[in-house]
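Note sheet for the following structure.
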Amino acid sequence: MIVITVNGKQEELPESTSITDLLIKYGVKPETVVVELNYEIPERQSWADIKLVNEDHLEIVKFIGGG
Amino acid sequence: MYSQELTDNNMLRYTRQLVLDGFGPEGQNKLKMAKVLIVGAGGLGSPASIYLAAAGVGTIGIVDYDTVSYSNLNRQIAYSTEDIGRYKTDCSEKQLTRLNPDIEIIKHSLKLSADNVREILVAYDVIIDATDNFPTRYLVSDTAYFLKKPVIEGAVAGYDGILMTIIPDKTPCYRCLYPTPPEDIALNSTEETGVLGMLPGIIGTMQALEAVKLIIGIGQTVSGRIITFDAISSSFRDISWKRRKDCPLCGKK
Ligand SMILES: [Zn+2]
């Protein structure tokens, strides 16, 4: 198992969980959010290939555009 | 330097903020000289315009082509039941002038488009993006980037709110956050997601606060970071956000 920070909270996850796996696990549709990993912004196309590792810091931000 | 000294009545009107650290008559005069444009006179624009008028921002421009309808009234607090069917810009002018007769309201009762956005934005110091859709947000934030004007982005959907202040070339821009629109554009209209009036009340009020701080030059604005608000858990998140190296707008070519 690995421990990472998601939206400021600690989460325990199986090894080799990708960003896409994590979003699915959270019930988040990938097309409705943007993510930041360790203060860098990975391309959407690479989310399925990026495996999360111990102490990663992930922020998930929804598309919010109403007023 | 300043156009005119504050009158005695206005010393009284603004007395609670004049005594604040970093404010004083000098700060009040900066507000008086400032021109703020509010794009969208809906759930966000209502509280933003009311608080900016109350604070004494000298010139407030309002862009909106819509009229007031019943379904607006749970959140668009600048309007009353008697305003149904009237232009939001006209109703806002009436309401804001009644609150503070010493400020100037400039009405732009039109639909913002690529043809008119530049000539409208260019006349203002600070832009508050309070629109209700992604295409207009890109139009406003892209244009403001090229004009080098600060934009205060605020948005709501469902129980979620978001806020960021963009200083061109200094902070991440709107496209550093959202490089391209979401696939499902309608995803975010409050018609689809619903909205409780207090949420745009909170975010729109924070947009007004950001504008005042930018104008006076006090404190830290929400720049280089993003604040999100979850109305269901009543929690804020403060997220550091960097410029995208490959940002389609502000990235190094
Ligand atoms: Zn950018």
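Please find, within the range B:154-171, the residue that is farthest from the other protein chains (Cβ to nearest Cβ) out of those that are within 12 Å of the ligand (Cβ to nearest atom) and crowded, with 23+ Cβ neighbours inside 10 Å.
Filtering first and then ranking leaves B:Ile166.
If you check B:Arg137 against the conditions, is it in contact with a Leu (Cβ under 6 Å, 6 or more places away or on another chain), within 22 Å of A:Glu31 (Cβ to Cβ), within 16 Å of the ligand (Cβ to nearest atom) and touching a residue at least 12 places away in the same chain (Cβ under 8 Å)?
Here the answer is no, as B:Arg137 does not meet what is asked.
Would you pick out the residues in the range B:210-253 that are surrounded by fewer than 19 Cβ atoms within 10 Å (Cβ to Cβ), more than 12 Å from chain A (Cβ to nearest Cβ) and not in a loop (DSSP other than H, G, I, E, B)?
B:Lys213
Yes/no per residue for (1) surrounded by fewer than 17 Cβ atoms within 10 Å (Cβ to Cβ); (2) part of a loop (DSSP other than H, G, I, E, B):
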site: B:Gly43; (1), (2): no, yes
site: B:Pro47; (1), (2): no, no
site: B:Leu52; (1), (2): no, no
site: B:Gly61; (1), (2): no, no
site: B:Asn74; (1), (2): yes, yes
site: B:Ile77; (1), (2): no, yes
site: B:Ser92; (1), (2): no, no
site: B:Arg118; (1), (2): yes, no
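Considering only residues that are polar (S, T, N, Q) and in a strand (DSSP E or B), look in the range A:1-34 and name the one that is nearest to the chain's Cα centre (by Cα).
If we take residues in the range A:1-34 being polar (S, T, N, Q) and in a strand (DSSP E or B), then A:Ser18 is nearest to the chain's Cα centre (by Cα).
Scan the range B:124-150 for residues that are in contact with a helix residue (DSSP H, G or I) (Cβ under 8 Å, 6 or more places away or on another chain) and in a loop (DSSP other than H, G, I, E, B) and report the count.
The number of residues fulfilling the criteria is 7.
Name the residue, out of B:Glu191, B:Glu153, B:Glu183, that is charged (D, E, K, R), within 25 Å of B:Gln76 (Cβ to Cβ) and not in a helix (DSSP H, G or I).
None of the others qualify; the one that does is B:Glu153.
Hey, does the range A:47-63 have a residue that's without any contact (Cβ under 8 Å) to a residue 24 or more places away in the chain and surrounded by 12 or more Cβ atoms within 10 Å (Cβ to Cβ)?
Looking through the range A:47-63, none of the residues is without any contact (Cβ under 8 Å) to a residue 24 or more places away in the chain and surrounded by 12 or more Cβ atoms within 10 Å (Cβ to Cβ).
Checking B:Ile106 against (1) within 28 Å of A:Phe63 (Cα to Cα); (2) among the aliphatic types (A, V, I, L, M); (3) away from the ligand (no atom under 16 Å from the Cβ): exactly one of these is not met. Which one?
It fails just one condition, (1).
Does B:Ala144 satisfy the criteria of being farther than 26 Å from B:Leu20 by Cα, more than 10 Å from chain A (Cβ to nearest Cβ), buried (at least 16 other Cβ atoms within 10 Å of the Cβ) and more than 16 Å from the ligand (Cβ to nearest atom)?
In short, no.
Among the residues of the range A:35-46, which ones are surrounded by 19 or more Cβ atoms within 10 Å (Cβ to Cβ) and part of a loop (DSSP other than H, G, I, E, B)?
Result: A:Ile41, single match.
Residues in the range B:239-253: is at least one of a type in the set (D, E, K, R) and at pLDDT 95 or above?
Checked the range B:239-253: no residue is of a type in the set (D, E, K, R) and at pLDDT 95 or above.
Residue under question is A:Gln10, and the condition is that it be free of Cβ contacts under 8 Å to residues at least 40 places away in the same chain and closer than 23 Å to B:Arg175 by Cβ; does it hold?
No: the conditions fail for A:Gln10.
Condition first: within 14 Å of chain B (Cβ to nearest Cβ) and either among the basic types (Lys, Arg) or at positive phi (or both). Now tell me which residues in the range A:35-67 satisfy that.
A:Asn38, A:Tyr39, A:Arg44, A:Lys62
Farther than 17 Å from B:Val36 by Cβ, in contact with a strand residue (DSSP E or B) (Cβ under 6 Å, 6 or more places away or on another chain) and within 16 Å of the ligand (Cβ to nearest atom) - does that describe any residue in the range B:219-234?
yes
Test B:Tyr174 against the stated conditions and say whether it is within 16 Å of the ligand (Cβ to nearest atom) and within 7 Å of chain A (Cβ to nearest Cβ).
Against the criterion (within 16 Å of the ligand (Cβ to nearest atom) and within 7 Å of chain A (Cβ to nearest Cβ)), B:Tyr174 does not qualify.
Tell me which residues, restricted to the range A:1-17, are over 18 Å from B:Thr228 (Cα atoms) and either within 14 Å of chain B (Cβ to nearest Cβ) or in contact with a helix residue (DSSP H, G or I) (Cβ under 9 Å, 6 or more places away or on another chain) (or both).
The answer is A:Ile4, A:Glu11, A:Leu13, A:Pro14, A:Thr17.
Among the residues of the range B:5-26, which ones are modelled with pLDDT under 85 and closer than 22 Å to B:Arg98 by Cβ?
Correct list: B:Leu6, B:Thr7, B:Asp8, B:Asn9, B:Asn10, B:Met11.
Has the range B:27-39 got at least one residue that is assigned to a loop (DSSP other than H, G, I, E, B) and at pLDDT 95 or above?
Within the range B:27-39 (the criterion being assigned to a loop (DSSP other than H, G, I, E, B) and at pLDDT 95 or above), the answer is yes, since at least one residue qualifies.
The values are calculated or read from the model by the stated rules, or taken from the named source; none is laboratory data. The shown structure was predicted, so the numbers you read here are calculated from the model rather than taken from an experiment. All Cβ positions, even for glycine, are placed from backbone atoms using ideal geometry, and neighbour counts span all protein chains on display.
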